[in-house]
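The values are calculated or read from the model by the stated rules, or taken from the named source; none is laboratory data. Computed from a prediction, not measured in an experiment: that's the story for all the values here. Methodologically, a virtual Cβ is constructed for each residue, glycine included, from the backbone with ideal geometry; neighbour enumeration extends over all protein chains shown. Ligands, DNA and RNA are excluded from the accessible area calculation, which covers all protein heavy atoms including side chains. Shrake-Rupley method; radii C 1.70, N 1.55, O 1.52, S 1.80 Å.
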Amino acid sequence: SRAVRFVACHDGRPLADVVRYAVKSNQANGESNRDGWDGEVTWNGGVEGPSDDTRVTERRAKEIRLLWPLLAAAPGTLQLTAGDERGRTQRGNTNAWCQDNEIGWLDWRVDDPERRDLLAFVTRLLRARLDGKLGPATESRGALVQPFEAFPPVEPSTGAAFLVVRSNVDREAASMVAANAGAVPARFPIPMLPSGRRWRIRLDLSRPKGAEIFGDDDAPFLAYESSEMVIAARSPRILVAEEFELPKRREKK
């Protein structure tokens, strides 16, 4: 794919502000907040700007860590904005080119534990992409599949979950990204694979920090008979179709 993929752009909000500010705050630019684009898709979770509520801050942290794998698993060329890998904020300013101060500067320090954890996570994630652990480098198509109802059933339904299945050049399912941005778990259908191949989990954000990305030695295969899986709230899971051999039975002497 020749597409350029990005979640946050230099000409707008940094990634941390995508989940922190619902409206732009460009008053400091001297144009009465008329400058900057008004059409960015953002969500502040009900609280505009910084918050001391741990429920809000933890939810925002999960949302940022949800968006990064979606970007890393996308085909094409990634466009990353410097500082997003360490939680940079422009305090709601979406047009900070004229701000020669902390609003526009990039703080390279990673002394804050959350910033350090995010940087380590993004580093491992991009390394997994480069190593081909998040899916094929090329694709013939992608299919969007709606998940089943929330699990356990709740009202209203999540309405924020999706499954993208990517195919290889032979039009066989090669990888899938199941993302649940909702507040409750959701059940996802699992596409069937040809004999000799099985879905293998490469990323699961419901796992503890530092253990979200699997290596070759610990990446688990799904059971052969699995037809669905449950994805935790505000969490993605990335699976890749890989060769699988059943262990040989030992012959009785």
Assuming residue 137 fulfils every condition listed in (1) under 22 Å from the mean Cα position of the chain (by Cα); (2) more than 23 Å from residue 206 (Cα to Cα); (3) at pLDDT 90 or above apart from one, which condition is it?
(3)
Pick from the range 166-213 the residues that are touching a Lys or Arg at 6+ places or on another chain (Cβ under 9 Å) and without any contact (Cβ under 8 Å) to a residue 40 or more places away in the chain: which of them is nearest to residue 243 (Cα to Cα)?
201
Give the residue that is farthest from residue 34 (Cα to Cα), with candidates limited to residues of the range 90-111 that are part of a loop (DSSP other than H, G, I, E, B) and small (Gly, Ala, Ser).
104
Checking 78, 66, 71 in turn, the sole residue that is buried (at least 20 other Cβ atoms within 10 Å of the Cβ), over 22 Å from residue 105 (Cβ atoms) and touching a strand residue (DSSP E or B) at 6+ places or on another chain (Cβ under 9 Å) turns out to be 71
Filter the range 160-202 for residues that are of a type in the set (S, T, N, Q) and touching a strand residue (DSSP E or B) at 6+ places or on another chain (Cβ under 9 Å) and give the result.
167, 168, 175, 180
So, in the range 31-63, of the ones that are farther than 24 Å from residue 114 by Cα and either acidic (Asp, Glu) or touching a residue at least 40 places away in the same chain (Cβ under 8 Å) (or both), which residue ends up surrounded by the fewest Cβ atoms within 10 Å (Cβ to Cβ)?
38
What about residue 171, is it open to solvent by 20 Å² or more (accessible area, probe 1.4 Å) and either modelled with pLDDT of 85 or more or touching a Cys at 6+ places or on another chain (Cβ under 6 Å) (or both)?
no
When the residues of the range 81-101 are filtered to those that are more than 21 Å from the chain's Cα centre (by Cα) and among the charged types (D, E, K, R), which remaining residue is surrounded by the fewest Cβ atoms within 10 Å (Cβ to Cβ)?
100
Right, residue 20: open to solvent by 40 Å² or more (accessible area, probe 1.4 Å) and over 21 Å from residue 177 (Cβ atoms) or not?
yes
Check 40, 63 and return the single one that is in a helix (DSSP H, G or I) and closer than 27 Å to residue 203 by Cβ.
63
